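The values are calculated or read from the model by the stated rules, or taken from the named source; none is laboratory data. It should be emphasised that the depicted structure is a prediction, and the values quoted were computed from it without experimental measurement. Don't worry about glycine lacking a Cβ; one is built from the backbone with ideal geometry, like all the others, and counts go over all protein chains shown. When the accessible area is computed, the model is the full protein with side chains, heavy atoms only, and any ligands, DNA or RNA have been set aside. Shrake-Rupley method; radii C 1.70, N 1.55, O 1.52, S 1.80 Å.
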Amino acid sequence: MSSSPKTTLQYLFQLPVLVAALGYLVDMYDLFLFSVVRVPSLKAIGVTGDQLLPQGLYLLNMQLAGLLVGGVVWGILGDKKGRLSVLFGSILLYSLANIGNGMITNMTQYAVLRFIAGIGLAGELGAGITLVAEVLPKHLRGYGSMMVATMGVLGGVLAYFVADLFEWRMSYYVGGGLGLLLLVLRVNIFESGLFVNLRDKNIQRGNISMLLKPQRLIKYLLAILVGVPLWFVVGILITFSPEFGISHGLADPIIAGKAVMLAFTGQTFGDIVSGFLSQRLQSRKKAIRIFILMSFMLMVVYLMAPIQTNTQFYILCVCLGFCNGYWTLFIILAAELFGTNLRATVATTVPNFVRGATIPLGAAFITLKPSLGVINGALVIGIVVVVISLVALQFLEETFTKDMNYEEQ
């Protein structure tokens, strides 16, 4: 007798989807824990005063450099060896690096371990989103991305509360422990059926040179450019919120960890709304375009509004986070743009190149700061990245109804 069709909830609560979502929670916890503990951890190893900003930016760049390297490595492995091998290999690496971060005593150790953590962090989301896109039917992929995003962004919120309850070293240990516990769920998780079928075919998998063909390369670069405003907000506006608070003339210092927590609380709701909006409009592009425009409006308010109190500033962090809530929708768009034999490579490298864009964005911010100031320098960069992302989005195809069962030749 044939089994009854699965319900929507049965599809969404499959173990692979749940593990991808929980993996992103641990991923985001680690990724943004540094933003939360940047000042206390640097002070603990002897960094003070004017050196907190440049040394913090240096460590952030080391982490982002690791993300760039790891994105390529994990992406290729995801198409060659399978989505699950990357999902759990990346979780193991960044969990161990997290524990190591809790033991550092100087800048050199901190930089090396942030680089290693970055390599580990590079693989989980791309592999998880690829797995979700391939195990869910096309009419539920938007809900799947919403579920992953919601759990992941809660990791940023969790990082704040753990850092508030515990000393910064213990916060790193907690993140590492959470990742190691998640590995227990590896038992009985099944691989994507599309990848299993692909292994039996005589076709190239994870060959990054295939992305260098002009038409694919253009599509790949356009996908990266669409996501750059996301990490301008996170990597510049929120991470360096204490410096923006000073520029607004606030008497009391802005706490970076609180700004991160509030921004990611807002992003939790933004990810839910963007996922529903994508399903409602039956369009990835329309939903993303709406959120980019909203994000730009909030950037202008955050930078230019006459903020009088810390409460007003923190409310803007929540609103800015909400308008930034299209991260996983953007990644699932990237995954849907390419065939099964390149999908993990693209879905893993694209978000990490977007994260890595914080390196030139940070350099531009530091360069413009002396002449334009903190506020105007950030505004110029924000205008440029938003215009570029909207143009890039216009030239990408709509993928909402696209069938995932195809290969790149």
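Quick notes on this structure:
- ILE307 being in a helix (DSSP H, G or I) and either more than 15 Å from the chain's Cα centre (by Cα) or among the hydrophobic types (A, V, I, L, M, F, W, C) (or both): no
- Filter pass, ILE272 being open to solvent by less than 10 Å² (accessible area, probe 1.4 Å) and either touching a helix residue (DSSP H, G or I) at 6+ places or on another chain (Cβ under 6 Å) or part of a helix (DSSP H, G or I) (or both): no
- Meets criteria (within 12 Å of LEU33 (Cα to Cα) and under 21 Å from the mean Cα position of the chain (by Cα)) for TYR172: yes
- Exclusive hit being open to solvent by 40 Å² or more (accessible area, probe 1.4 Å) and not polar (S, T, N, Q), set MET294, MET299: MET294
- Of the residues making up region 33-54, those that are open to solvent by 50 Å² or more (accessible area, probe 1.4 Å) and either under 15 Å from VAL162 (Cβ atoms) or not aliphatic (A, V, I, L, M) (or both) are PRO40, LYS43, GLY46, THR48, GLY49, ASP50, GLN51, PRO54.
Residue-by-condition table, conditions (1) part of a loop (DSSP other than H, G, I, E, B); (2) aromatic (Phe, Trp, Tyr); (3) out of contact with any Ser or Thr (no Cβ under 9 Å at 6 or more places or on another chain); (4) without any contact (Cβ under 8 Å) to a residue 24 or more places away in the chain:
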residue	(1), (2), (3), (4)
ILE359	no, no, yes, no
LYS369	no, no, yes, yes
VAL374	no, no, no, no
VAL386	no, no, no, no
THR401	yes, no, yes, no
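- Residue match in region 318-327 (condition: open to solvent by 10 Å² or more (accessible area, probe 1.4 Å) and more than 16 Å from the chain's Cα centre (by Cα)): yes
- Residues of region 76-98 that are modelled with pLDDT of 85 or more, more than 14 Å from TYR24 (Cα to Cα) and open to solvent by less than 10 Å² (accessible area, probe 1.4 Å): ALA97, ASN98.
- Extreme residue, modelled with the lowest pLDDT, among residues of region 377-401 that are of a type outside the set (A, V, I, L, M, F, W, C) and either under 20 Å from LEU67 (Cβ atoms) or surrounded by fewer than 15 Cβ atoms within 10 Å (Cβ to Cβ) (or both): THR401
- Here the helices (runs of 4 or more DSSP H) wholly within region 172-264 that include at least 1 residues being modelled with pLDDT of 90 or more and buried (at least 19 other Cβ atoms within 10 Å of the Cβ) are 214-232, 241-247.
- For ASP30, the test of being crowded, with 21+ Cβ neighbours inside 10 Å and either charged (D, E, K, R) or not in a loop (DSSP other than H, G, I, E, B) (or both) is passed.
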